[in-house]
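Chemist: To start, I am sharing the structure in question, which I have written as structure tokens.
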Amino acid sequence: MEDKIKRLKTKYMSGVNGKILRMTLIISIVMIVIATAITITLLHALNKTLEDIVKNEGEVIEKNSKEAVINTTKEGFMNIITWSADQIDDEFWIMCHDYAVLGEQVKNVLENPSDYKIRPLEEPRIENDGEYKLQLLTPEGVSKNDYEIQSKLGRIANLEPMMAEIVRGNNDYTMDCYVALPNGVALAMDNMSAGKYQEDGSIRHYDATTRAWFQGAVAKQGIYFSEDIDSHFYGIKEITWGLPIYVDGQLAVVLNGASKMEALKHKLATRNVGKTGFTVLLSDKGHVVVTQRENGELAQDADNTTDVRINSNPSLAEAATKAVNQETGFSEVSVDGEQYYVAYAPVNTIGWTLMMFVSVKELEDPAVNLQKTMNAVSNETIDSFDKHVKVNSAGLIIGLVIITLITVHLISRKTLKNLRPIQTMTKVIQNMNRDNMVFKMQDEYRTNDEIEVLAEAFADMSDRLQDYLKEIIEKTAKEERINTEINTASTIQLAMLPGMTEEISSRKEFDIYADMVPAKHVGGDLYDYFLIDDNHLAFVVGDVSGKGISAALFMVLAKTTIQNQLLAYGTDVVKAVTEANRLLVRDNAAELFVTVWVGVLTLDSGELRFVDAGHELAAVSKNGEDFTVKKDNHSIVLGMSDRVEFKLNEVKLEDGDTIYLYTDGVVEALNADDKMFRVERLISTLNEDTSRSPKELDEAVRNAVDSFVDGVEQFDDITSLVIRYYNKDN
């Protein structure tokens, strides 16, 4: 008997079944005893409570919904505006860098005219429309055959490939490239020759000195961006910029480029948020330069003189003032009588500001509609509940007792049977592990109730989990292959750079050290050093245009080609560089170019013969004295044209003389304030202790660069080479 009672107790009173049965018995007893007393009081209290809950929930939901919308909008908006401003700033920075490089080449042509042939100049020709061509443009009354025009611009015309690449390479932003003399004559590079003709078939005169970009650049004595102006030739709105070039302290030329207003407007429109969103670009004067608004407070006026900061709308004026002050922020403003959220961030390269707007109503309407729906549903529920309470309150008390008794009886018989599928399901789930995550439907689970729904959910989750794990494994394997290939490419590239071999380290006539840190996995900078024979050491530093894999491949080609030609021609550096340039131009399908400093040192005499092809000037210390930047005979970069004549430089090194060579990644390293490290800071660092070894000098410079940028991500490759010469007699 005791065993039978024990089995029954285990069957009906243990686990979930027992808990439900015990809870039912307790509730039944309590409800029978106090049901009558509680029912009436409870019904009235419950009705009042429901009304209070609905009211309080409505207030809380309304408050929290608006706060959530504002916080979510602010966070997302700030991410979008920062990314968008950085993207636009990167485009303008690349464009400014290209024009700065072009300016250096133009200056080299003007300072060394005898090194360049005078090329014939042509006026615009209709049949050249659609092709990138150089075109001579003259003011009214100025002869195109003037000697000064032909002499200067005819030599500058040797840079035609570089000017064409600047326009093609920045096609989204740059529509042309001009070089203008102080007398207004200009050499234009674009593919719109037909636009320079008048209706009568004559060529329109053009005076560069009357254009805003020319006047602004001369007045600023630096790069100048104009707000939107009417194109002289094409009847469109455009944004222009000018960069003055000075030779011997006198204005020599002004470089110019232009961007179509519609192209910039289209780019900004792709970044709009929502249906009501729009984007505005403000100049440093508070003028609207680009906008999608046709009219209203943020539309562009005819003469573009309205300063948004001076506005009868205080919220818009305050936001515009902060934006023009190059701040990054978020606020709620009124535009044309409607409330908007606005985020703003600076475009640092040009000193302008990007502002993005989206309607407050568009973002808050879903929350308001949800609140109204919830209030209506709650009120209907209260009314229905009140009605049913009044009708059924009498029968509830009697029915409660009857239902309780029936429930106790049914639960005692049915609970165990109904819970068996859950118990089975629990055991299956408990046995699941990392090697077996499969859950399958069984007939036992098909109960036509929540148990079946739960089982189907587990089965579906199991299937999706298997697919998800498979997808993760495949993606992980693919990413590992890609990372392995990139790391292998980086390892191969670094392995191609020379190391400190016994042949080099054992020589007493010199001490040499070099290093390269690429901005990405692979870089476009290069350095090399090797013995041509027992008495001649060659050393090279270079910088390939562009970044990434293409630049890295061109770097390998350039390094190998230069090394082979030096080994072939020995001390004839000019011949070696000329032949290397010819081979690079021939194989330059990507139209890249490389700046190089190539030198050959005669070890027993200290005679150094070198070619500087568009590279940074070397820093030199004579016998332990302070480093200074030595000007040399510059030549044009390699890979651009096979008609270049390279100039030889010759110096004699004395005992203890040190040369520091570097790429522009050193002096153009940027800190968080967008300030460059610059040559002056490099020289100051080197002169802190000129007696340091080449390796110590280079480590000091790299430490100074790291301290200056203070964690800002490296944008360009950083490469350097240091050599110190020792007289063989000492």
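Chemist: Scanning for something in contact (Cβ under 8 Å) with a residue 24 or more places away in the chain, touching a Phe, Trp or Tyr at 6+ places or on another chain (Cβ under 9 Å), polar (S, T, N, Q) and crowded, with 19+ Cβ neighbours inside 10 Å, does region 184-197 turn up at least one residue?
Modeler: no
Chemist: Determine which member of the set L553, L648 is among the aliphatic types (A, V, I, L, M) and at pLDDT 95 or above.
Modeler: Details: L553 fails: at pLDDT 95 or above.
One residue alone meets the criteria, L648.
Chemist: Does any residue in region 460-481 that is modelled with pLDDT of 75 or more come within less than 9 Å, Cβ to Cβ, of a residue that is surrounded by 10 or more Cβ atoms within 10 Å (Cβ to Cβ) and of a type in the set (F, W, Y) six or more places away or on a different chain, and which pairs are these?
Modeler: Within 9 Å, the pairs are M461/F439; S462/F439; D463/F439.
Chemist: Something else: Kindly indicate whether any position in region 198-205 is crowded, with 21+ Cβ neighbours inside 10 Å and either assigned to a strand (DSSP E or B) or touching a residue at least 60 places away in the same chain (Cβ under 8 Å) (or both). Break it down into steps so the answer makes sense when it comes.
Modeler: Narrowing region 198-205 to residues crowded, with 21+ Cβ neighbours inside 10 Å: none.
No, the conditions are met nowhere in region 198-205.
Chemist: Look at region 120-153 and say how many of its residues are in contact with a strand residue (DSSP E or B) (Cβ under 9 Å, 6 or more places away or on another chain) and surrounded by 16 or more Cβ atoms within 10 Å (Cβ to Cβ).
Modeler: Adding up the residues that qualify gives 13.
Chemist: For region 671-730: of the residues being touching an Asp or Glu at 6+ places or on another chain (Cβ under 6 Å) and aromatic (F, W, Y), which is surrounded by the fewest Cβ atoms within 10 Å (Cβ to Cβ)?
Modeler: By that ranking, first place goes to Y726.
Chemist: Taking region 354-379 as the region of interest, how many residues are modelled with pLDDT of 70 or more, under 21 Å from V335 (Cβ atoms) and assigned to a helix (DSSP H, G or I)?
Modeler: 6
Chemist: If you don't mind, there's one more thing I want to ask. Only one of these is surrounded by 19 or more Cβ atoms within 10 Å (Cβ to Cβ) and touching a strand residue (DSSP E or B) at 6+ places or on another chain (Cβ under 8 Å): Y116, Y178. Name it. Before you say what the answer is, go through the steps one by one.
Modeler: Working: Y116 fails: touching a strand residue (DSSP E or B) at 6+ places or on another chain (Cβ under 8 Å).
After ruling out the rest, the residue left standing is Y178.
Chemist: A further question follows. Name every residue in region 440-454 that is of a type outside the set (A, V, I, L, M, F, W, C) and part of a helix (DSSP H, G or I), in order of residue number. Can you show your working first?
Modeler: First, the residues of region 440-454 that are of a type outside the set (A, V, I, L, M, F, W, C): 440, 442-450, 452.
If the condition is that a residue be of a type outside the set (A, V, I, L, M, F, W, C) and part of a helix (DSSP H, G or I), then D443, E444, Y445, E450, E452 are the ones that fit.
Residue-by-condition table, conditions (1) among the hydroxyl-bearing types (S, T, Y); (2) surrounded by fewer than 18 Cβ atoms within 10 Å (Cβ to Cβ); (3) within 19 Å of F646 (Cα to Cα):
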residue: D528; (1), (2), (3): no, no, no
residue: D534; (1), (2), (3): no, yes, no
residue: S550; (1), (2), (3): yes, yes, no
residue: A558; (1), (2), (3): no, no, yes
residue: A568; (1), (2), (3): no, yes, yes
residue: V573; (1), (2), (3): no, no, yes
residue: A576; (1), (2), (3): no, no, yes
residue: L601; (1), (2), (3): no, no, yes
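Chemist: Also, quick follow-up: Return the total of residues in region 278-290 being more than 13 Å from L316 (Cβ to Cβ) and over 21 Å from the mean Cα position of the chain (by Cα).
Modeler: Pass one, region 278-290, residues more than 13 Å from L316 (Cβ to Cβ): 278-279, 281, 283-285, 287, 289-290.
Those still in the list that are over 21 Å from the mean Cα position of the chain (by Cα) too: 278, 283-285, 287, 289-290.
Total satisfying the criteria: 7.
Chemist: Take the residues in region 83-126 that are aromatic (F, W, Y) and either closer than 29 Å to N272 by Cα or not assigned by TED's automatic domain parsing to the domain that holds A258 (or both); name whichever of them is modelled with the highest pLDDT.
Modeler: Of the residues in region 83-126, the ones aromatic (F, W, Y) are 83, 92-93, 99, 116.
Filter again for either closer than 29 Å to N272 by Cα or not assigned by TED's automatic domain parsing to the domain that holds A258 (or both), leaving 83, 92-93.
Working: W83: 90, F92: 83, W93: 86.
If we take residues in region 83-126 being aromatic (F, W, Y) and either closer than 29 Å to N272 by Cα or not assigned by TED's automatic domain parsing to the domain that holds A258 (or both), then W83 is modelled with the highest pLDDT.
Chemist: Moving on to the next point. Working only within region 660-670, note down all residues that are crowded, with 18+ Cβ neighbours inside 10 Å and not hydrophobic (A, V, I, L, M, F, W, C).
Modeler: Y660, Y662, T663, D664, G665
Chemist: Which ones in region 77-104 are polar (S, T, N, Q) and either surrounded by fewer than 19 Cβ atoms within 10 Å (Cβ to Cβ) or outside any helix (DSSP H, G or I) (or both)? Show your work before the answer.
Modeler: From region 77-104, those polar (S, T, N, Q) are 79, 82, 84, 87; that's our starting set.
Once the filter is applied, which keeps residues that are polar (S, T, N, Q) and either surrounded by fewer than 19 Cβ atoms within 10 Å (Cβ to Cβ) or outside any helix (DSSP H, G or I) (or both), region 77-104 yields N79, T82, Q87.
Chemist: Could you give me the residue pairs with C-beta distances under 8 Å whose first residue belongs to region 672-689 and is polar (S, T, N, Q), whose second residue is in a helix (DSSP H, G or I) wherever it lies, and which are 6+ apart or on separate chains?
Modeler: Filtered contacts from region 672-689: T685/A700; T685/V701; T685/A704.
Chemist: What's the number of the only condition in (1) assigned to a helix (DSSP H, G or I); (2) modelled with pLDDT of 85 or more; (3) charged (D, E, K, R) that E332 fails to meet?
Modeler: So the condition that E332 fails would be (1).
Chemist: A follow-up question, please. I239 - would you say it is closer than 22 Å to D303 by Cβ, of a type in the set (A, V, I, L, M) and surrounded by 19 or more Cβ atoms within 10 Å (Cβ to Cβ)?
Modeler: Numbers: closer than 22 Å to D303 by Cβ: yes; of a type in the set (A, V, I, L, M): yes; surrounded by 19 or more Cβ atoms within 10 Å (Cβ to Cβ): yes.
In short, yes.
Chemist: Which residue pairs have Cβ atoms under 8 Å apart, sit 6 or more places apart or on different chains, and have a first residue in region 419-439 that is assigned to a helix (DSSP H, G or I) and charged (D, E, K, R) and a second that is at pLDDT 75 or above and surrounded by 10 or more Cβ atoms within 10 Å (Cβ to Cβ)?
Modeler: These pairs meet every condition: R420/E444.
Chemist: Check region 207-226 and report whether any residue there is modelled with pLDDT under 90, in a loop (DSSP other than H, G, I, E, B) and surrounded by 15 or more Cβ atoms within 10 Å (Cβ to Cβ).
Modeler: The initial filter retains those residues of region 207-226 that are modelled with pLDDT under 90, namely 226.
With in a loop (DSSP other than H, G, I, E, B) added as a condition, the list becomes 226.
Filter again for surrounded by 15 or more Cβ atoms within 10 Å (Cβ to Cβ), leaving 226.
Taking every residue of region 207-226 in turn, at least one turns out to be modelled with pLDDT under 90, in a loop (DSSP other than H, G, I, E, B) and surrounded by 15 or more Cβ atoms within 10 Å (Cβ to Cβ).
Chemist: Then there is this: For region 705-716, give me each residue that is touching a residue at least 24 places away in the same chain (Cβ under 8 Å) and assigned to a helix (DSSP H, G or I).
Modeler: V705, F708, V709
Chemist: Let me ask you something else. Hey, does region 592-611 have a residue that's closer than 30 Å to F715 by Cα, in contact (Cβ under 8 Å) with a residue 24 or more places away in the chain and among the small types (G, A, S)?
Modeler: First, the residues of region 592-611 that are closer than 30 Å to F715 by Cα: 592-599, 610-611.
Next, from what is left, pick out any that are in contact (Cβ under 8 Å) with a residue 24 or more places away in the chain: 592-599, 610-611.
If we keep only those that are among the small types (G, A, S) as well, we get 599.
Looking for residues that are closer than 30 Å to F715 by Cα, in contact (Cβ under 8 Å) with a residue 24 or more places away in the chain and among the small types (G, A, S), one finds at least one in region 592-611, hence yes.
The values are calculated or read from the model by the stated rules, or taken from the named source; none is laboratory data. Fair warning: this is a prediction, and the values are worked out from it, not measured in the lab. Glycine also receives a Cβ, built like all others from the backbone with ideal geometry; neighbour counts cover every protein chain displayed.
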